[in-house]
1. Using just the helices of chain B, give the 222 nm mean residue ellipticity in deg cm²/dmol: DSSP H runs with n ≥ 4 each add -39,500 (n - 2.57), and the total is spread over all residues, rounded to 500.
2. What does the buried accessible surface come to for A and B, summed over both chains, with the probe at 1.4 Å? Round to 100 Å².
3. Run the quick spin-label model on B:Val148 and A:Ala263: label points 7 Å from Cα toward the beta carbon, then report their separation in nm to one decimal.
4. For A:Ile94, what charge total do you get from the other residues with a beta carbon under 13 Å from its beta carbon, if Lys and Arg give +1 and Asp and Glu give -1?
5. Solvent-accessible area per residue for chain A at a 1.4 Å probe radius, Å²?
6. So how many Å³ per residue does the convex hull of the Cα atoms of chain A work out to?
7. Going from the alpha-carbon gyration tensor of segment A:32-179, what semi-axes, largest first and in whole Å, does one get by taking the root of 5 times each eigenvalue?
8. On the protein heavy atoms, probe 1.4 angstrom, tell me the percent of accessible surface of chain A carried by carbon and sulfur.
Amino acid sequence: MNQRYELNKNLAQMLKGGVIMDVVTAEQARIAEEAGAVAVMALERVPADIRKDGGVARMSDPKMIKSIQEAVSIPVMAKVRIGHIMEAKVLEAIKADYIDESEVLTPADEEYHIDKRAFAIPFVCGARNLGEALRRIGEGASMIRTKGEAGTGNVVEAVRHMRQINKDIRSIRTMDSEELMSAAKEMGAPFHLVEQVAKEGHLPVVNFAAGGIATPADAALMMQLGCDGVFVGSGIFKSANPKKRAEAIVKAVTYFNDPLIVAEVSEDLGEPMVGINMDEINQVYAARGW
Amino acid sequence: MRIGVLDIQGSVEEHIHHLQQIPDVEAVRAKTPADLSSLDGLIIPGGESTAIAKMLHAFKLVDLLKERIQDGMPVYGTCAGMILLADSIEGESGHLGVMDIRVKRNAYGSQMDSFIAELPLPPICDRALPLVFIRAPYIVSHGDSVQVLTMIEHKIVAAKQDNMLVTSFHPELTEHTDVHRYFIQMVRESKQSH
């Protein structure tokens, strides 16, 4: 199990500095790979459509996931509902490369997340702060992403969550060893992981940004804030020119510290996805997860 | 000596960390033509080869890299790095195409088939080292000038040709620096002979 967990954290390390794109068809997956995505997230509907259409959002049809596995050579990730052990077993059985236990789908369990240590397949989970990230890592997540607010095209929540995680890490870095247990109690996180982060100054797994990233500048902003890479959901295939925007976001992530390149790739991208303000939404996905 | 790690995407930080433990090595991130021109040696890290290749083309780094490698600059490719250096790739066209090897991508399957093997790596290291394979490629065939260094179950997972070293596995993901030291020795010898 330990060796498997190391290998699963290792795959996330290989994705660093890259962009993971939401796709709903094999054709979109090919466009994403061609644009330079390091992985694709296969799902039934992008978050913007889940938000618009409503209803219960579930794991995708395994046939669709398999068609995407056949279409591309980069890793294929797929989402399961929070706490849905069986959906996770299904994705493990069809050999997906990574599972996202995601708040974007309708939770199957309102109290417990999946015990991810019981699986060989790796998991990525969302977090809004250090405590939440460490609870998920304690359960066996081998990669973390900020939750942001999926399907809004509004980067404000991703920024909030990334800044919060950075702030929480800085705060425990300055604590005496006696203070760490109280901090662990306060944030509801496993003590040994709190100690580890206090010592090392960073999360024990790779951390990507997600939820609301719609432009190359949004993606570069998240990299500037210190994340290891970005997930782009509705931002690409809900925009006017998905191929061009996908390529531009990949370039902006690679050259996030070069504003001239970010400026150049931001030209003539056509309409971005329509953005939604936080006070206009009736369902906050980030609040799902415990 | 100045050793660069190609800083497009992937395990860049991990390689830098390993290089920093070797005396007389200045480890730098390299992603611009100016960076690449100033190096004594280059490591192409693990990552997604399609994504790295895409950026090399988009930012016109392919010709410069090929030129420097063909000119004798030592280069070490891990996993995606091996794929980028290969002359040909099963089922798709090659990228830098400087090394006389044909590789198969994701040759072991999905992430569920990623594994760690422990074995010695002569001439790099005589004691057994953990070798980490993440959705790894292997070499299916090679030209006469390629020296095979390591095989696992009849599959070639490490090889050398003149100034080029490639491994299917990721020494940067372990605590061991033996492969990096071996590469630095290649750079040292190359400097002496020039």
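The values are calculated or read from the model by the stated rules, or taken from the named source; none is laboratory data. No experiment lies behind these values; they were computed from the predicted model shown. Neighbour counts run over all protein chains shown; Cβ positions are idealised from the backbone, glycine included. All accessible areas refer to the heavy atoms of the entire protein, side chains included, with ligands and DNA or RNA removed. Shrake-Rupley method; radii C 1.70, N 1.55, O 1.52, S 1.80 Å.
1. On the way: 6 runs with 54 residues, N = 194.
It lands at -8000 deg cm²/dmol.
2. Numbers: alone 12830 and 8810 Å², together 18870 Å².
The A and B chains share an interface burying roughly 2800 Å².
3. 5.4 nm
4. Details: positive: A:Lys63, A:Lys66, A:Lys89, A:Lys95; negative: A:Asp61, A:Glu70, A:Glu87, A:Glu92, A:Asp97.
That works out to -1.
5. Working: 11470 Å² over 290 residues.
Heavy-atom accessible area per residue stands at 40 Å².
6. Enclosed volume per residue, from the Cα hull, is 120 Å³.
7. For segment A:32-179, the ellipsoid semi-axes come out as 27, 18, 16 Å.
8. Of the solvent-accessible surface of chain A, carbon and sulfur hold 49 percent.
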